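Here is the structure we will look at.
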Amino acid sequence: MELRTASDRGHVNFGWLDSHHTFSFGSYHDPNHMGVSNLRVINDDRVAPSGGFDTHGHRDMEIVSYVLSGALAHKDSMGNGSIIRPGDVQRMSAGSGVHHSEFNASDTEPVRFLQIWLLPNQMGIEPGYEQKHFSERERRGQLRLLVSPDGRDGSVKASQDGLLYGTLLAAGQEVTHALQGPRKAYVHVARGSAEVNGVIMNEGDGARIEVSGEVRIAGQGEAEAEVLLFDLP
């Protein structure tokens with residue numbers, strides 16, 4: 001198990017955007033942290049009121065947005081327009097090419113979201129889009145499958161080989177996940193604190209796990225922990 005603390009991440013602040021990069025991204029480059037398996041990007045983005053990313057293009061990437069607070073407005077060249085709020089999971093398959101914009105939907109409140117990129121299992125596919133809501137009840141005290149290659153169990157379908165789970169844990173609540181075969185895991189603590197396989201992790205911390213057996217995550221402290229677990233090839 002390799003811990004990646006929040007303070008070790010890359011950081012940029014453009015005023016309208018305050019972002020922490022778990023892996024190399026943009027002007028932040030660290031050859032020792034280029035991603036894990038097909039997980040290429042976890043950016044913890046805070047966007048100021050009315051701020052956002054102007055229309056720009058992507059190719060051959062599965063892009064997942066996970067809002068922690070506030071509201072994010074999305075528009076793309078496929079004709080999709082939506083507002084993404086806490087509990088929503090949005091997937092955009094860039095495929096052969098797509099353009100989109102992302103803006104804070106509020107003129108008064110900031111928005112915070114995780115921008116997650118996963119390498120696709122097939123290049124040049126037709127661009128696609130999907131968005132689903134996962135209630136707190138579905139995630140509280142249990143691992144809820146959010147993203148999968150086949151859309152199983154009501155998850156968002158993405159053209160890649162990883163599984164993304166989300167959970168909300170109060171102190172003393174514990175979940176476990178068994179890694180099957182030659183798989184690896186990456187755990188990201190989005191908010192609060194959690195104990196992962198005996199190691200205390202705080203908000204923004206991540207951990208690469210390459211062991212057989214179970215990944216154990218337990219809530220710690222007074223605040224509820226919000227944790228993402230990636231099961232990766």
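Summary of values
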| read-out | value |
| --- | --- |
| Lone unmet requirement of (1) under 14 Å from the mean Cα position of the chain (by Cα); (2) part of a loop (DSSP other than H, G, I, E, B) for residue 31 | (1) |
| When residues of the stretch 172-221 are limited to those that are over 30 Å from residue 11 (Cβ atoms) and hydroxyl-bearing (Ser, Thr, Tyr), the one nearest to the chain's Cα centre (by Cα) | 176 |
| Strands (runs of 3 or more DSSP E) fully within the stretch 42-106 counting 2 or more residues that are of a type in the set (Gly, Ala, Ser) | 52-58, 62-69, 81-84 |
| Residue within the stretch 80-89 that is surrounded by fewer than 16 Cβ atoms within 10 Å (Cβ to Cβ), in contact (Cβ under 8 Å) with a residue 40 or more places away in the chain and more than 20 Å from the chain's Cα centre (by Cα) present | no |
| Some residue of the stretch 166-184 being closer than 19 Å to residue 35 by Cβ, crowded, with 21+ Cβ neighbours inside 10 Å and modelled with pLDDT of 95 or more | no |
| Residue count, the stretch 157-191 (criterion: outside any strand (DSSP E or B) and either in contact with a Gly (Cβ under 8 Å, 6 or more places away or on another chain) or not charged (D, E, K, R) (or both)) | 10 |
| Residue in the stretch 136-149 that is over 15 Å from residue 64 (Cα atoms), in contact with a His (Cβ under 7 Å, 6 or more places away or on another chain) and not aromatic (Phe, Trp, Tyr) present | yes |
| Verdict on residue 128 being under 20 Å from residue 65 (Cα atoms), among the small types (Gly, Ala, Ser) and surrounded by fewer than 17 Cβ atoms within 10 Å (Cβ to Cβ) | no |
| Unmet requirement for residue 153, which otherwise passes all of (1) without any contact (Cβ under 8 Å) to a residue 24 or more places away in the chain; (2) in a strand (DSSP E or B) | (2) |
| Residue among 147, 199, 189, 156 that is at pLDDT 95 or above and over 26 Å from residue 74 (Cβ atoms) | 199 |
| The listed residue being of a type in the set (S, T, N, Q) and modelled with pLDDT under 95, out of 22, 5, 55 | 55 |
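The values are calculated or read from the model by the stated rules, or taken from the named source; none is laboratory data. All of these numbers come straight from a predicted model, not from anything done at the bench. Note that each Cβ is placed from the backbone with ideal geometry, even for glycine, and that neighbours are counted across all protein chains shown.
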